[in-house]
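Accompanying notes for the structure given below.
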Amino acid sequence: MRIPRLRPRLRLPAVLLLVPLLAGCFVAAPGDPYGDADGTGSGGGARLRVALAFPPAENYSPYGMDAYDLSRLGVVEGLTRLDANGTAVAALAESWYAEGNGRDWLFALREATFHDGTEVTAAAVADSLTRAALAEPPPGALSGIRLTAEAAGDRLVRVSTEEPDPVLPLRLSNPSLAVFAPSAFTGDRVNPAGTATGPFVLTTTTGDTAASLDRFDGYWGGRAHASGVDVRYISDGTARANALRTGEVDVAEAVPVAQVPALDPDTVHEINTARNTSLYLNTSTGLFTDPGLRAAAREAIDTAAVADGVYEGYAEPAQGLYGPALSWAAGLRGAPTGRTADPAEPDGAALTLATYNDRPELPETAQVVQQQLERAGFTVRLEVRGYAQLESDLLAGAFDAAVLSRNMMLETGDPVTVLASGYTCEGSFNPALLCDPAVDALTEAARAEAGPAQRQQAAIRAEAAVLGTDAEIPLVHLKVVTGIRPGVTGVVLDPYERELVGAGTRR
């Protein structure tokens, strides 16, 4: 791939332009995930043992959901990252600002080294971002965005979009836009092992069951406290909790709520997240192309039964797409808009309802939903798989309905970005296969807003249109429980679910 010619270095202004979207909304656990907690760079020794819930589904491709595992394990980084308040802060870029037209942003790079020992240069960063932008399908953070990147100096990168993008620094924090060394790329494949920039190096993998990481002594933020990380992918939630309880692992993500009473209270750490569990209805093919049957499904659902009966206090009935972890949403929300059909009589209409068992509450939730739909007159067949075996069929429209869990702020921390990827005709992860002109128009209008308050208001207007289609029926807003053994410190409790193990994590 041709590398753009370097341009003369530009002088950066003294005041950096950061995008403080959602500032003040979230709380994170103590501990600095970027750099040694004591600042000495001395590092520790003990290896961390971590149980993750979701096995890699795409051979660790950074352009899909596997990127989030690489991020949670401290392997990859982008130009920016999100702090606990949802603000874009420095990572591989020390500073940035938008040029006059609003389509171009200049990012000044810090001195850093790739895991393969080569220097992080503007040309390497531009090439890495260009490859991500050309990926098929594109990363969710780039849904509806055409991005280009070029070196503008030895340590300066220009990132451009066709239209002004006021949240580009937030967008570039997405793990799918992490930066890799030139040695990572062979044809269309990306190998993240030994080619990223985080505090830990991915060294070996065992299919989709385990992985090993070693400390990267050349990390720009200082040597990590732990000498490495041993990862086990344990999809079964009970087995994951048992591994924590018996001391086989130090950290277990997504502990099932049913297992919490059996754990030492000192190991249980909960946090409000922007994650919802929802019922998605296939609007592209099958019976739910009929808005009257979608309305009948909505009327059949009792969200309180899901919150109380399945989540046992670790969730609350959903009010919309944006839950209570996003404190701005409740005061702006109005009624759904655009509903045109009254509930129709199902008359025994048969449907296939799918879910996955990597999150153990989902099969039980799906059973509750199945019962409610059957009481309303539908005939429901339930299909449960592992997520890795579900995703491709889900996005191909193989099911009539699906119970899924999704963090609404996962992709950028911007409330508008998830609308573009999840609910528009060209969305890259659109489980309901929704294609509605009103939703697309309101999403496009929201993307044009520059100020945080204005984007939030526009997002709520688009949310009302999405809910008016009945393509998604939000069930509950979730808390997430992370299991952490006593003596383990610096684990990152992240409402965005992008971080877990960092340079400051140790035992």
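The values are calculated or read from the model by the stated rules, or taken from the named source; none is laboratory data. For clarity, every value in this text was computed on a predicted model and none was experimentally measured. Here the Cβ positions follow ideal geometry from the backbone for every residue, glycine too, while neighbour counts run over all protein chains shown. These area figures cover heavy atoms from the full protein model, side chains too; ligands, DNA and RNA do not enter into them. Shrake-Rupley method; radii C 1.70, N 1.55, O 1.52, S 1.80 Å.
The figures follow:
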{"quantity": "Spatial extent of segment 262-362: Rg and Dmax, with the Cα atoms as the point set, Å", "calculated": "16.8, 51"}
{"quantity": "Cβ crowding within 10 Å averaged over residues, with 340-348, 297-305 ranked highest first", "calculated": "297-305, 340-348"}
{"quantity": "3J(HN,Hα) from dihedral phi, segment 271-286, Karplus parametrisation 6.51/-1.76/1.60, rounded to Hz, x for glycine, proline", "calculated": "8, 5, 10, 8, 8, 10, 10, 9, 9, 9, 10, 5, 8, 9, 9, x"}
{"quantity": "Sequence-separation-based contact order of segment 109-221, relative, with Cα cut under 8 Å and 6+ spacing, percent", "calculated": "28"}
{"quantity": "Extreme residue, positive dipole direction of segment 356-507, given options Gln371, Ile484, Ser428 (C-beta unit charges)", "calculated": "Ile484"}
{"quantity": "Whole-number D in µm²/s for the chain (Stokes-Einstein; Kirkwood sum over Cα pairs; 10 °C, 1.306 mPa s)", "calculated": "68"}
{"quantity": "Exposure of Asp69 as accessible area (Å², to 10), given a probe of 1.4 Å and all protein chains", "calculated": "10"}
{"quantity": "Trypsin sites (Lys or Arg not before Pro) restricted to DSSP loop in segment 190-262 with at most 14 other C-beta within 10 Å", "calculated": "none"}
{"quantity": "Tensor-based shape of segment 68-169 (alpha-carbon gyration tensor, a/c under 1.5 rounded, otherwise prolate or oblate)", "calculated": "rounded"}
{"quantity": "Amide H partners (placed H, <5 Å) of Ala224, local residues excluded", "calculated": "Phe216"}
{"quantity": "Whole-number accessible area per residue in Å² for segment 141-233, which is evaluated in the context of all protein chains at 1.4 Å", "calculated": "33"}
{"quantity": "Cα-based shape type of segment 386-507, given that a ≥ b ≥ c are square roots of the gyration tensor eigenvalues and the cut on a/c is 1.5", "calculated": "oblate"}
{"quantity": "In segment 400-507, the GluC sites (Glu not before Pro) that fall in loop regions by DSSP, at most 15 other Cβ within 10 Å", "calculated": "Glu426"}
{"quantity": "Relative contact order for the chain, counting Cα pairs under 8 Å that sit 6 or more residues apart, in percent", "calculated": "23"}
{"quantity": "Accessible area per residue, Å², segment 280-399 with all protein chains present, probe 1.4 Å", "calculated": "43"}
{"quantity": "Simple Cβ-charge dipole of the chain, Lys/Arg +1 and Asp/Glu -1, about Cα centre, in debye nearest 20", "calculated": "1180"}
{"quantity": "Summed side-chain charge close to Pro474 - residues other than Pro474 whose Cβ falls under 12 Å, Lys, Arg +1, Asp, Glu -1", "calculated": "0"}
